[in-house]
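Taken together, the values in this text are just the output of simple stated rules run on the coordinates, not laboratory data. Keep in mind that what you see is a predicted model, and the values were worked out from it rather than measured. In this analysis, Cβ positions are derived from the backbone assuming ideal geometry, glycine residues included, and neighbour counts consider all displayed protein chains.
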Ligand code: XIL
């Protein structure tokens, strides 16, 4: 055992730790969290410094990959929750909440799904959401139901500019279908649409997303909030006020907002103070916006982050170095939180179970049915019996 690991264990035993983001989050009533990554065999979770930080720094976690469709659905007949459960259990054992990411994402569809015809894809969307949300009912409250349904629209044409992917082309109402299905399965869950480039109100992408919200709301489609991914970089002119301005139109539409995947990419000669300013701007904007109900960073350490797969010399996006020392961004946020006596109470959407009617187009008499792949005959594997899957390499692109 090296000196650092010994120190970490001692620190956790005597209770003196740098576990203060979580402590302040709990004290103030603010979710502050990170994505965990145990993708593959979960070996990362056995790294003491990594496990320690996950355990002690966050009061909300999300699985970076393990709950996505490709991971849960090795084939059409099987639901394998073992990896997602592992991340969920890690979070719950740390006393943290867990947000589900993500049920339907064009960029994470198993090959068996993409091979289906339109009608069967429709059924598969329903059965997937139904089985997943039944499985986690009473355990997980917040779900990213759909991720990134919209085009990279640098200017919106006034309507909704959809991402031209087969998922959309086969079922142009797949967002509505997904959200209605989710509400019908678990009426008390809080349902999110999650996307990127919405952190500047004046960007076309944000306006396009507002057009989507307006469209969904005009059709009474259930939606509780919008996730702001926030894969940003230090060069962007981000301030507390620009983030508050970006939140405002969503809040005005009665939605919660959550920062769901924050990382602040920095080139090799990283200005760590500017990185700290950007992290702090997002945190302050969230704290000052009562409808901002979660602040989640995408990764725990530069040692385990998706950023280098995007651009080779971007390695410095998280708040903790690859050797697990804290950066100015960590300290800036910690000092800011420590200086707050209280914050405005968070305003969550709540739903009385049973109060919501299900108007999903593919349902009859309020029950979601799935003719193609009955969820009652599918195999469901949980963490107790699950076998480990191989690490899969996926294509990534800037979020
Ligand atoms: C990324 C993961 O971080 C990578 O490990 C994986 O290879 C691809 O997905 N937007 C999202 C996340 O909503 O799910 C993505 O996560 C990053 C962009």
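Set the Förster distance to 35 Å, then compute FRET efficiency between residue 75 and residue 350 from the Cβ-Cβ distance, nearest 0.05.
The pair residue 75/residue 350 has a calculated efficiency of 0.40.
Under 19 Å from a point placed 7 Å out from the Cα of residue 164 along the Cα-to-Cβ direction: which residues of region 80-121 have their backbone N that close?
Flagged as within label range: 106-107.
Taking 1 over the mean of 1/r across every pair of different Cα atoms in region 137-262, what Kirkwood radius in Å do you get?
Taking the inverse mean of 1/r over all distinct Cα pairs, region 137-262 comes out at 15.0 Å.
Sorting 199, 24, 351 on the 10 Å Cβ count, fewest up front, what's the list?
351, 24, 199
Return 200, 100 ranked ascending by Cβ neighbour count within 10 Å, so the fewest neighbours appear first.
By the 10 Å Cβ count, ascending, the order reads 200, 100.
With each label point set 7 Å from Cα along the Cα-Cβ vector, what nm distance links residue 269 and residue 323?
2.2
Could you bin all the Cα-Cα distances of region 213-293 into 10 Å bins starting at 0 and give me the percent of pairs in each, rounded to whole numbers?
That works out to 18, 45, 25, 10, 2, in percent per bin.
Simple spin-label model, 7 Å along Cα-to-Cβ: residue 173 to residue 310 in nm?
Spacing of the two 7 Å Cα→Cβ label points: 3.5 nm.
Using only Cα positions of region 40-176, each an equal point scatterer, no hydration layer, compute I(q)/I(0) via Debye at q = 0.15 Å⁻¹ and quote the log10 values to two decimals.
-0.80
So what's the convex hull volume per residue for the Cα atoms of region 89-130, in Å³?
It comes to 90 Å³ per residue, whole-number rounded.
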